[in-house]
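Worksheet: the structure to be examined is printed underneath.
What follows draws every value from the coordinates through simple rules; no lab data is involved. Just so you know, these numbers come straight off a predicted model, no measurement behind them.
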Amino acid sequence: MIRLPAIGGGVREYAPRTEPLNLGGSGTLTSRTVFSAAHVVADPYADTTPDSAAAVDWDATLAFRRHLWSHGLGVAEAMDTAQRGMGLDWTGAAELIRRSAAEAKAVGGQIACGVGTDQLTGADRPTGPAGLAAVRKAYEEQLALVEETGSQAILMASRALAAAAAGPDDYLDLYGHLLRQASEPVILHWLGPMFDPALDGYWGSADLDTATETFLEVIAAHPDKVDGIKVSLLDARREVELRRRLPEGVRCYTGDDFHYPELIAGDEQGFSHALLGIFDPLAPLAAEAVRTLDTGDVNGFRATLDPTVALSRHLFQAPTRFYKTGVVLLAWLAGHQDHFTMVGGLQSARSLPHLARAYELADGLGLFPDPALAEDRMRSLLTVHGGLR
């Protein structure tokens, strides 16, 4: 038994599992393209502050990506899950992209990398026409680097563009320029304000119906340059409606960490592929579910993946952008890294009761390869931060 602090106050006892879930499958996933947005592992011994450049443990970070590839998942690199714009700056992201792309080539892993504008930070960031020119230049620099590594590009939503754009036409012009410039089809990423408040009003309107029309206009003008779209709005109905309006050959990659089982399973008119932060901790179980789906067994797929939604909704509860803290906690408890330290000190972004509930839910799913190690590490965290054992 382990004593856990309860959300809302008090302490309760929990009996951890003694055996992990038995998942024996491996190999390529065939019915869906599945990316996991992967976290970075901080260097716990670096002498840093929340304002200093990120110190990354490269060996542990790359080892985690090999773990994802071993289960048949692709890696979505340098995305929000990697604390992009929340501790990891462009210099660190560029190094991450180079290293991960080289590792992907070495092991034959699928990789796509985030292209953004995070060179542009702070109050001195230009606005208006000068801002749009700076955004274009920043995007071009990152797109060139990603393409040089041989990785697929993911055009991420830009805080700087949201601040500089006067309306939909600025988005149409800039994205059109980037898509014409891209050498290979890219994934367009629409990240909602629940993940990053600075992206409110993206595509030129705070009204999502209006924004959707602009988004679709970008895609319709360049369908040969858009492999797919990644939608992170946590709105399953909107994603399905958007999915049904995509040009033939353009995929929808769900980024909905609340409704992913139903969206991946799909309906009689289509389905979503996946590019998800929750598949970082769920990798073995998610891969097992998709292998079941590969056989045509939709019910078996849902039976495997539906029980994980409670954990995902817990990790991604508001403020949603702090979900990374729970992701890294679970990586530590699962033995993928030796510490619970995050870039920028973000391990402090969630409460002890929140982390205890994340442990309980993950343990209940059998996600920990060594339940005894996970229990021991959770006890150590409780002892240091809450005095519990």
- Query: Considering amide H positions built from the backbone, and no H for Pro or chain starts, which residues 5 or more places from ALA153, or on another chain, come under 5 Å of its amide H?
  - Reply: CYS113, ILE187
- Item | Interchain or long-range residues, amide H under 5 Å from ALA6's placed H | VAL11, ARG12
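For a test of understanding, tell me how many lysine pairs in the chain have Cα atoms under 24 Å apart, given they are 8 or more places apart or on different chains. Don't skip to the answer; put the middle values down first.
On the way: LYS105/LYS225; LYS105/LYS230; LYS137/LYS225; LYS137/LYS230; LYS230/LYS324.
Final tally of qualifying lysine pairs is 5.
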- Query: Which helices count as membrane-span-like in the chain under these terms: full DSSP H, at least 15 Å along the axis by C-alpha, Kyte-Doolittle mean of -0.5 or more?
  - Reply: 58-70, 90-107, 128-148, 208-221, 283-294, 323-333, 352-365, 371-386
- Note on the structure: Classified through the alpha carbon gyration tensor (a ≥ b ≥ c as square roots of its eigenvalues; rounded if a/c is under 1.5, else prolate when a/b is larger than b/c, else oblate), the stretch 1-130 comes out oblate
- Item | Karplus-derived HN-Hα couplings along the stretch 246-256 (A = 6.51, B = -1.76, C = 1.60, θ = phi - 60°), whole Hz, x at Gly and Pro | 6, x, 4, x, 8, 8, 10, 9, 5, x, 8
- Message: Residue by residue through the stretch 40-48, what is 3J(HN,Hα) from phi via Karplus (6.51 cos²θ - 1.76 cosθ + 1.60, θ = phi - 60°)? Round to whole Hz and write x for glycine and proline.
- Response: 9, 9, 6, 8, x, 9, 6, 8, 10
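Restricting to bridges with both residues inside the chain, how much of the DSSP beta-bridge set is antiparallel, in percent to the nearest 5?
Numbers: 6 of 34 bridges.
Antiparallel bridges: around 20 percent, rounded to the nearest 5.
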- Non-local residues with an amide H under 5 Å from the amide H of ALA37, with H modelled 1.01 Å from N and Pro and chain starts lacking one, are ALA76, LEU276, GLY277, PHE279, ASP280
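Working out 0.36 nm times the residue gap between THR18 and LEU352, then minus their Cα-Cα distance, what length gain in nm do you get to one decimal?
Extra length from THR18 to LEU352 when fully extended: 117.9 nm.
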- Message: Apply the Karplus curve 6.51 cos²θ - 1.76 cosθ + 1.60, θ = phi - 60°, to the phi angles in the stretch 77-88 and return the couplings in whole Hz, x for Gly and Pro.
- Response: 9, 6, 9, 4, 4, 7, 6, 4, x, 10, x, 9
